[in-house]
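Report on the following structure.
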Amino acid sequence: MVVKIREIQPKELVGQKIVTSISKKETSKLWRPFRRTLKEKDLFPNLFYSINRYGKVMQEGNFSMATLFEKCAAIEVDSDRFDGFERIGLEGGKYAVFEHSGSVSNFQHTMQKFYQEWLPKSGYELDNRAHFETFDEHYDPFSESSVELIWIPIKALE
C-alpha cells in the first residue's frame, strides 16, 4: 500500500447529504438523484467527492456497521451554479491519501489494510475531520477497473 501525506486548504463544495450507516447500504439513494440533478443542470464535473462525517466515534474506535454518519455527494462548482444544492465545506489539513482499485466489494479490504497495517506504524492518528474519496466521471463502483483516491484525516501522534 502506497500512502502519501497531503495537506489541503479548506474547500467549498456543493452537493447533497443523507444520514446513514454502512449496514443500510444507501449509497445509491444519495448518488443516483445527485447525478440526475447534475445532468438536468448541464453540469458535467471531472471530479466527484464522496464525503463521510463520522464525528469522534471513529477516533474513539466505537464505529460499527450500524453507526450513523453523514454522507455527502459533492462537486466543486462556480458560486453562481449551486441552486438546488447544499453548500458543503471540506476541512483543510493533513490527509493520508491512497488508491483503491477495483469494485466496491473490495473496498473494505483496502480500508482494513490502512487501519490495521499502515496507520499503527505511521506516527499518525486519526483526526476528527471528514473522510472522503475522490473519483472521476468514469468511475463505476462495480467495475474491477475503477480507481478512487481515499483521503483519511490524520494528525501527528501526541
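The values are calculated or read from the model by the stated rules, or taken from the named source; none is laboratory data. Model, not experiment: these values are computed from the prediction. Because the Cβ atoms are built from the backbone with ideal geometry, glycine has one as well, and the counts that use them run over all protein chains shown. Heavy atoms of the whole protein, side chains included, go into the accessibility calculation; ligands, DNA and RNA do not. Shrake-Rupley method; radii C 1.70, N 1.55, O 1.52, S 1.80 Å.
Overview of results
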| read-out | value |
| --- | --- |
| GNM top mover of ASP127, ASP136, ASP42 - the chain, alpha-carbon springs below 10 Å | ASP42 |
| For THR27, net neighbour charge (Lys/Arg +1, Asp/Glu -1) across residues whose Cβ lies under 14 Å away | +2 |
| Heavy-atom accessible area ranking, 1.4 Å probe, most first, across VAL104, VAL77 | VAL104, VAL77 |
| Region 44-158 shape via C-alpha gyration tensor axes, a/c threshold 1.5 | oblate |
| Cα gyration tensor category, rounded, prolate or oblate, for region 1-58 with a/c compared to 1.5 | oblate |
| Where labels lie 7 Å past Cα in the beta-carbon direction, separation of ARG36 and GLN9 in nm | 3.7 nm |
| Pairs beyond 24 Å (Cα-Cα), from LYS25/LYS56; LYS17/LYS155; LYS4/LYS113; LYS71/LYS113 | LYS17/LYS155 |
| Percentage relative contact order, region 1-123, counting C-alpha pairs under 8 Å, at least six apart | 45 percent |
| Sum of -39500 (n - 2.57) over DSSP H runs of 4+, divided by residues of the chain (222 nm, nearest 500) | -4500 deg cm²/dmol |
